[in-house]
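*Asks:* Below you will find the structure I want to go over with you.
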Amino acid sequence: MAINLGGLHDARNLEDVTGHEHKGQTRPMQKCLKSMAFTVRCNLGQNLSPQEFEAPSSYDSRPRVSFDWSHLGSLGVVPGNRSCERRTLLNLSRPTGTTAMFFNCMTFNHSELQAAIVDLDGTMIDTLGDFEVALNRTLGDLDLPPVTRALVERTVGKGSEHLIRSVLAHQLSLPEVKGLANVCDARSVEVLYEPAWLRYQHHYLTVNGEFALVYPGVIEGLQQLRDAGLRLACLTNKPLSFAKPLLHAKGLDGFFAHVFGGDSFERKKPDPLPLFKTCEALGTMPAHTLMVGDSSNDAQAARAAGCPVVLVRYGYNHGESVDGVDADAHVDALTEIQHALSGVA
């Protein structure tokens, strides 16, 4: 594919990208592109020869694929009338540092999508009711006061360990708890975490799906994606032992070729590793695999992995509006995805 980086000036305009001033040298994006292998031919009104930017040998060897890129405005590049053509092969190693920033300006051709990775909580199913009941039964077992739904909404999304630790820390800090005689150093988050996790697993599996609702448009939206020829996978930070029964109970499991949880890989979203692994299972490249989620976790993981991303507005996103999160599109229902992407490429 052709690469369009229209308006690219020399390295004097890239201080914000690399964090270093280049003192007038024409050295485009060497630091920003250190995890990529580029063959670059530029026409900037200057006599530049083709330049090779080789990926460090420490990066894994991955298949290479052509990408479409458009603008670099979000990286501080000053727009102009000069043109730049680049024929590019991208080494799909895990991007880091400023390289991950470069993915933020990726554009994509939605017609070339081959698969979609869909988040679970806050994207397909409203599970706040399940979380609230399971957590409050767990807290009751530990002689701690119940949690509010508002706190649950702000805390979910980063996995069960983060959820439990955050809730324990909040409840133990409440004035009415700190004044109790049984609250001492032995009643710390670290001490209570293991028994809390065991009780939480028991209670969550007992209520899994009972107080949860599938969002409107989810079934129709998944069917649309599948009818468009996309292979689907569910990727959630929820433990796999929670996720699979929930999908089955809500009649959604049949849509997915693969389901992965927060304990399926070494790291969780927003780390890009789960997306790389899910793309591998789907047999697709990240650039051809859409991420659908409801939070900055999903968006950050997608950007770092090189996946296009769509966010739904009705989810959790740690209690904040998702409209301010960088994404290729924001939608009010999964049924709007195809229409929203039609204006992106």
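The values are calculated or read from the model by the stated rules, or taken from the named source; none is laboratory data. Since this is a predicted model, take the numbers as computed values, not measurements. When we count neighbours, we look across all protein chains shown, and the Cβ atoms used for this are built from the backbone with ideal geometry, even at glycine.
*Asks:* Out of contact with any Asp or Glu (no Cβ under 7 Å at 6 or more places or on another chain) and under 17 Å from G217 (Cα atoms): does that describe C279? Outline the logic, then answer.
*Replies:* Numbers: out of contact with any Asp or Glu (no Cβ under 7 Å at 6 or more places or on another chain): yes; under 17 Å from G217 (Cα atoms): no.
It is false that C279 is out of contact with any Asp or Glu (no Cβ under 7 Å at 6 or more places or on another chain) and under 17 Å from G217 (Cα atoms).
*Asks:* Every residue in segment 267-303 that is within 9 Å of the chain's Cα centre (by Cα) and of a type in the set (A, V, I, L, M), please.
*Replies:* If the condition is that a residue be within 9 Å of the chain's Cα centre (by Cα) and of a type in the set (A, V, I, L, M), then L275, M291, V292, A299, A301, A302 are the ones that fit.
*Asks:* Is it true that some residue in segment 104-111 is under 22 Å from K268 (Cβ atoms) and modelled with pLDDT under 95?
*Replies:* Of all residues in segment 104-111, those under 22 Å from K268 (Cβ atoms) come to 104.
Adding the requirement that they be modelled with pLDDT under 95 leaves 104.
Yes, segment 104-111 contains a residue that is under 22 Å from K268 (Cβ atoms) and modelled with pLDDT under 95.
*Asks:* Checking Q201 against (1) under 23 Å from the mean Cα position of the chain (by Cα); (2) in a helix (DSSP H, G or I), which single condition isn't satisfied?
*Replies:* (1)
*Asks:* I need a count of the residues in segment 114-148 that are among the charged types (D, E, K, R), surrounded by 24 or more Cβ atoms within 10 Å (Cβ to Cβ) and assigned to a strand (DSSP E or B).
*Replies:* Here the count works out to 1.
*Asks:* Please verify whether Q171 is part of a helix (DSSP H, G or I) and not assigned by TED's automatic domain parsing to the domain that holds R149, treating the condition exactly as stated.
*Replies:* Details: part of a helix (DSSP H, G or I): yes; not assigned by TED's automatic domain parsing to the domain that holds R149: no.
No; evaluated as a whole, the condition is false for this residue.
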